[in-house]
1. With respect to V98, determine if the residue is buried (at least 19 other Cβ atoms within 10 Å of the Cβ), at negative phi, more than 16 Å from ligand 2 (Cβ to nearest atom) and β-branched (V, I, T).
2. Of everything in the range 275-313, what is under 16 Å from N250 (Cβ atoms) and crowded, with 19+ Cβ neighbours inside 10 Å? Give them in sequence order.
3. If you check G193, G181, G197, which single one turns out to be in contact (Cβ under 8 Å) with a residue 40 or more places away in the chain and away from ligand 2 (no atom under 14 Å from the Cβ)?
4. Go through (1) open to solvent by 10 Å² or more (accessible area, probe 1.4 Å); (2) touching a residue at least 24 places away in the same chain (Cβ under 8 Å); (3) not hydrophobic (A, V, I, L, M, F, W, C) for G212 and report which single condition fails.
5. Taking the range 116-140 on its own, how many of its residues are in a loop (DSSP other than H, G, I, E, B), within 15 Å of ligand 2 (Cβ to nearest atom) and out of contact with any Leu (no Cβ under 9 Å at 6 or more places or on another chain)?
6. Consider Q21 carefully, then state whether it is within 16 Å of ligand 2 (Cβ to nearest atom) and either open to solvent by 10 Å² or more (accessible area, probe 1.4 Å) or not in a strand (DSSP E or B) (or both).
7. Run down A8, A90 and say which single residue is part of a loop (DSSP other than H, G, I, E, B), open to solvent by less than 20 Å² (accessible area, probe 1.4 Å), modelled with pLDDT of 95 or more and under 22 Å from L158 (Cα atoms).
8. Scan the range 59-86 for residues that are within 16 Å of ligand 2 (Cβ to nearest atom), in a loop (DSSP other than H, G, I, E, B) and open to solvent by less than 30 Å² (accessible area, probe 1.4 Å) and jot them down.
Amino acid sequence: MNVSVLGAGAFGTALAISLAQKGKVTLWARNAEHVADMQASRANGLRLPGVQFPENLSLTSDIAQALATDVILLAVPMQQLAGFLADHIAPDSTANLVACCKGFEVATGRGPVSVIRDAAPQATAAILTGPSFAADIARGLPTALTLACADEDAGKRLQQALTTPNLRLYRTTDTQGAELGGALKNVIAIACGVAIGAGLGQSARAALMTRGFSEMTRLAQHMGAETATLAGLSGFGDLVLTCTSEQSRNYRLGLSLGAGDSFDPTTTVEGAATARAIVQMTQTSGVDMPITQTVARLLDGAADVPTSMAALLSRPLKEE
Ligand SMILES: NC(=O)C1=CN([C@@H]2O[C@H](COP(=O)(O)OP(=O)(O)OC[C@H]3O[C@@H](n4cnc5c(N)ncnc54)[C@H](O)[C@@H]3O)[C@@H](O)[C@H]2O)C=CC1
Ligand SMILES: O=C(CO)COP(=O)(O)O
């Protein structure tokens, strides 16, 4: 199966580099100047500096060329996905479309697979998610991810096609669980960053990760996802990575919030929009999401760090 990656950000570029170990890969970017620069330097200095492109990786800003492949990876940020699909994917497409983004749409509360299904109902919709920093994948370090596709046979084919020597894919048919894990862990990572940035200590972080996982699982159960998926790479695995590494942009945003420092607003931080989306989604359902709500309030400037922590600590005592 030949593969194209749409979106030449850090993650799309890293996936294209890794997949090029197996065969020809096309990396598409919307900006022709960026493509020319990458063609000349054989690197993506803008988003993934320091890693040279292998020979098998070709670049294009021609969307028709990029769409003429067996598998299409969609590596644009979550809030851009629906617009991107509307612009470039025909509603009657039967392509294999694999979302490579993490989050929920603020406007609709949909996750990436739902957005693909709505845009192209006859396409095969899948999601590739789990603990992986783009820089690690691009440097050939060992990484394991989850490929979720409701169609089991198509999922098996995609699992084979997208596994590379350093990128090992596990498979599930539970797309909803995979979407939820990848989206919610980013919000918890912001909370953990806040705790560390504010000097609250490692014990506070461990508490936030554990209780965060508890609220991730609660929402997944409520929505009918499998809790086993949440305990896998796309949930627990990614929670651990993102809450403990300064490579994570979500965690770094939290660090800045906690320390009262400024943060570059152009950075892709999926957890910020997702926190707001989840608060809206759970307003009527009554699912208890205290950490996610706290993060949303902090991001909106509706509460400060000491008040937020005091509020979390003074909640009614309960069984674990
Ligand atoms: N960077 C990482 O280590 C990882 C990122 N991800 C996920 O990958 C997704 C993308 O993140 P990154 O690549 O890191 O972000 P990034 O900020 O490096 O790049 C985003 C790219 O999307 C492009 N883009 C945005 N809107 C577009 C549109 N309408 N049409 C075409 N291109 C558009 C931008 O030009 C940019 O090149 C996010 O959902 C993130 O959670 C997942 C795992 C690892
Ligand atoms: O999703 C990621 C790791 O799995 C990347 O995390 P950030 O988006 O926080 O950088």
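1. On the way: buried (at least 19 other Cβ atoms within 10 Å of the Cβ): yes; at negative phi: yes; more than 16 Å from ligand 2 (Cβ to nearest atom): no; β-branched (V, I, T): yes.
The answer is no for V98.
2. To start, the set of residues in the range 275-313 that are under 16 Å from N250 (Cβ atoms) comprises 275-278, 291-292, 294-296, 298-299.
Result: A275, A277, I278, I291, T292, T294, V295, A296, L298, L299.
3. Values: G193 fails: away from ligand 2 (no atom under 14 Å from the Cβ); G181 fails: away from ligand 2 (no atom under 14 Å from the Cβ).
After ruling out the rest, the residue left standing is G197.
4. With (1) open to solvent by 10 Å² or more (accessible area, probe 1.4 Å); (2) touching a residue at least 24 places away in the same chain (Cβ under 8 Å); (3) not hydrophobic (A, V, I, L, M, F, W, C) applied to G212, the lone miss is (1).
5. Narrowing the range 116-140 to residues in a loop (DSSP other than H, G, I, E, B): 120-123, 130-133, 139-140.
Pick out the ones that are also within 15 Å of ligand 2 (Cβ to nearest atom) and you get 130-133, 139.
With out of contact with any Leu (no Cβ under 9 Å at 6 or more places or on another chain) added as a condition, the list becomes 139.
The qualifying residues number 1.
6. Working: within 16 Å of ligand 2 (Cβ to nearest atom): no; either open to solvent by 10 Å² or more (accessible area, probe 1.4 Å) or not in a strand (DSSP E or B) (or both): yes.
No.
7. Details: A90 fails: open to solvent by less than 20 Å² (accessible area, probe 1.4 Å).
Only one candidate qualifies: A8.
8. Step one: of the range 59-86, the residues within 16 Å of ligand 2 (Cβ to nearest atom) are 73-81.
Those left that are additionally in a loop (DSSP other than H, G, I, E, B): 75-77.
Across the range 59-86, the qualifying residues are A75, V76.
The values are calculated or read from the model by the stated rules, or taken from the named source; none is laboratory data. Here the structure is a predicted model, which is why all the values come from computation and not from measurement. FYI the Cβ positions are ideal-geometry reconstructions off the backbone, even for glycines, and counts take in every protein chain you see. Protein only, heavy atoms only, side chains kept; ligands, DNA and RNA dropped before computing areas. Shrake-Rupley method; radii C 1.70, N 1.55, O 1.52, S 1.80 Å.
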